[in-house]
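Asker: Okay, handing you the structure first.
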């Protein structure tokens, strides 16, 4: 089972990806809370791709099996200038108030809401790969 | 898509308590709509603001950053901000982004009303 979306940069297009995650997660039997976490993560990945990617993005959804456990793989690819993932997360929430900019939470949320995340980025291509297991296991 | 447009209502109750009910996608536009409603209520004397997110299942960090700005303004005025009816994912997002350090979170509106001393 695979879904591939080629999404243009238009307002709220990230909801198309979220709807696809909702549909596919539901088809896999994923619990609602887990589907919603994956939906928010894909929304954040799409927003980053739109803001920094400079053009259309590709979202791919597929089901994998890892050590007998099924998981949903979500990939968001853009073709922008790239970035250094290791230096791009916010350190924490302690200095939220009083900061002029309250933005920049996307990667932190993705990492917290998904079970596994890999980011490959170079000039011309960024690929965010993130996994959510169908069942919440140890 | 139903989530795309935020349905919003606001009400100023007695003793300076305001309630905003928001259902839908909280993005930049949704967050700004809540902020506008909050500012209007604060202008009318609201010092305690309860935001009820029943019916909201998808948010993004831009929308939440606007909620942080509302919280900042309320705290500047020595006000209080509270939320109720959060999904687990939205509650976790608020926790990650630091809202829960400064805002109260209640499971439902009835509990929020009781805890905040809101008259029915």
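Since every read-out is calculated from the coordinates, none of them should be taken as a lab result. Remember, predicted model here, so these are calculated numbers, not experimental data. With ideal geometry, Cβ positions are generated from the backbone for all residues, glycine too; neighbour counts draw on all protein chains shown.
Asker: Please arrange B:17, B:100 by how many other C-beta atoms lie within 10 Å of their C-beta, fewest to most.
Answerer: In order of increasing Cβ crowding within 10 Å: B:100, B:17.
Asker: If one puts a single equal scatterer on every Cα of the protein assembly as shown and applies the Debye formula without solvent, what log₁₀ I(q)/I(0) results at q = 0.11, 0.12, 0.14, 0.17 Å⁻¹?
Answerer: Log10 of I(q)/I(0), two decimals: -0.61, -0.71, -0.94, -1.27.
Asker: Give the angle, between 0 and 90 degrees and rounded to the nearest 10, that separates the Cα long axis of helix A:32-53 from the longest principal axis of the Cα atoms of chain A.
Answerer: 40
Asker: Take A:40, A:10 and order them by how many other Cβ atoms sit within 10 Å, fewest up front.
Answerer: By the 10 Å Cβ count, ascending, the order reads A:10, A:40.
Asker: At 20 °C and 1.002 mPa s, grab the translational diffusion coefficient of segment B:7-116 from Stokes-Einstein with a Kirkwood Rh over Cα pairs, rounded to a whole number in µm² per second.
Answerer: Using the Kirkwood radius from Cα pairs, D works out to 160 µm²/s.
Asker: I'd like the FRET efficiency for residue A:1 and residue A:127, computed as 1/(1 + (r/R0)^6) with the beta carbon distance as r and R0 of 22 Å, rounded to 0.05.
Answerer: Computed FRET efficiency for residue A:1 and residue A:127 comes out at 0.60.
Asker: Do you know the relative contact order of chain A, to the nearest whole percent, from alpha carbon pairs under 8 angstrom that are 6+ apart?
Answerer: Across chain A, relative contact order equals 28 percent.
Asker: Count, for each residue of B:95-108, the Cβ atoms from other chains sitting within 10 Å of its Cβ, then give me the mean as a whole number.
Answerer: Taking the mean over all residues of the peptide, I get 3.
Asker: If neighbour count is taken as other Cβ atoms inside 10 Å, put B:14, A:39, A:62, A:121 in order from fewest to most.
Answerer: So the ranking, lowest neighbour count to highest, is B:14, A:62, A:121, A:39.
Asker: Contact order normalised by length for segment B:7-116, with contacts defined as Cα pairs under 8 Å and 6 or more residues apart; what percent is it?
Answerer: Value for segment B:7-116: 25 percent.
Asker: Report, in whole Å, the centroid distance computed from the Cα atoms of segment B:98-119 and segment B:50-70.
Answerer: Measuring centre to centre over Cα atoms gives 15 Å.
Asker: Determine how many Å³ per residue the convex hull of the Cα atoms of chain A encloses.
Answerer: Roughly 123 Å³ of hull volume per residue.
Asker: Rg/Rh for segment B:14-78: what does it come to with C-alpha atoms and Rh from Kirkwood?
Answerer: The Rg/Rh ratio comes out at 0.96.
Asker: To the nearest 10 degrees, how steeply does helix B:28-43 sit against the main Cα axis of chain B, on a 0 to 90 scale?
Answerer: Here the helix axis deviates by roughly 10 degrees.
Asker: Which whole number gives the average, over all residues in A:16-26, of C-beta atoms from other chains lying within 10 Å of the residue C-beta?
Answerer: Averaged over the peptide's residues, the number is 1.
Asker: Within 10 Å of each Cβ in peptide B:53-66, how many partner chain Cβ atoms are there on average? Round it to a whole number, please.
Answerer: Partner Cβ neighbours, averaged per residue: 5.
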